[in-house]
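Values in this text are rule-based calculations from the coordinates and carry no lab data. Here the structure is a predicted model, which is why all the values come from computation and not from measurement. Don't worry about glycine lacking a Cβ; one is built from the backbone with ideal geometry, like all the others, and counts go over all protein chains shown.
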Amino acid sequence: MQGTAADATARRTLVVGNWKMHGDLQANRSLLQALVAAPRSAGCEIGVCVPFPYLAQARELLAGSAIALGAQDCSMHQQGAYTGEVSARMLREFDCRYVLVGHSERRALHGEADAMVAAKAERALDCGITPIVCVGETGAQREAGETDAVIGMQLDAVLNLLGSHASRMVLAYEPVWAIGSGRSASAAQAQQVHALIRSRAVHHGVDPRELTILYGGSVNPGNAGELFGQDAIDGGLVGGASLKAADFLAIVAAAPSRSPTA
Ligand code: PGA
């Protein structure tokens, strides 16, 4: 762990769009121009995690705005013979403030294990990028009563390695069964897991007031208010609804505005 990582930040409100493998130059331009032009309250930070080839375009369109740029993955390696991989240092050159690590689609489709996710988060921190570490249980795991154990293991892998840097990371609880399904977790279900994450973090010596935890999984303008109204939820990681400016902005508008260390 090198000493160049992002400044420590306290718990805050944040809404991040995860574009996944969507977009083209023209659509990106319209979307980002609409986001930049929209008036917003100062209480909520916003980010967009775009596909790698569009980092340069998004960086240019977001220049001077308060919307942060992010990527959707980074390599667990610093550099070398890793064809197709993108390093955190490269992302830093494009002014990425955030990078998603351990998204469930990466875990499921690319075999990313907990240790790899933790290593990716460490590479991001090394380069001054805030990793957004995603955790979440599958539907089968929830039905089998394994939610707490699964989230606990995913979390422990990251916090065992990086617990002392927790204030410089963001966590995202994304139940796999809720992602892209149109069926979000209920506010009570999300609150319960967010509270679990906070109490688990305490066991790693992390002050929960320093922890920013987003909920993700079918967040839309209709359910954002209730989800974000839960006191353990600090904002959202938004997939499908982040591709439409009006929907994304409505979700941002529903984000809580609480004092940074509440
Ligand atoms: P969704 O995706 O909002 O489309 O469910 C969320 C995510 O996968 O980050």
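As a footprinting exposure proxy, order MET76, MET153 by other Cβ within 10 Å, with the fewest listed first.
Details: MET76 19, MET153 12.
Neighbour counts put them in this order, fewest first: MET153, MET76.
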Q. If each of VAL36 and PHE52 carries a label point 7 Å out from its Cα toward its Cβ, how far apart are those two points in nm?
A. 2.5 nm
**Q.** Per-residue Cβ neighbour rank within 10 angstrom, fewest leading, GLU93, GLU122, GLU146
**A.** GLU93, GLU146, GLU122
Q: Could you please rank LYS244, LYS20, placing first whichever residue has the fewest other Cβ atoms within 10 Å of its Cβ?
A: LYS244, LYS20
Q: Could you please report the charge total around GLN72, scoring K, R as +1 and D, E as -1 over all other residues with beta-carbon less than 12 angstrom from its beta-carbon?
A: +1
Q. In percent, what relative contact order does the chain have, based on Cα pairs under 8 Å that are 6 or more apart in sequence?
A. 24 percent
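If you wrap the chain's Cα atoms in a convex hull and average its projection over all directions, what's the area in nm²?
Numbers: hull surface 50.4 nm².
Answer in nm², one decimal: 12.6.
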Q. Amide H to amide H under 5 Å from GLY47: which residues, 5+ apart in sequence or cross-chain, H placed 1.01 Å off N in plane?
A. VAL15, VAL16, GLY17, ALA68
Q. Add -39500 (n - 2.57) for each DSSP H run of 4 or more in the chain, then divide by its residues: what number comes out at 222 nm, to the nearest 500 deg cm²/dmol?
A. -11000 deg cm²/dmol
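Just subtract the alpha-carbon distance of GLN78 and GLN192 from 0.36 nm times their residue separation and send over the number in nm, one decimal. Don't skip to the end; give the middle numbers.
Numbers: separation 114, 0.36 × 114 = 41.04 nm, distance 3.64 nm.
Taking 0.36 nm per residue and subtracting the Cα distance, the gain is 37.4 nm.
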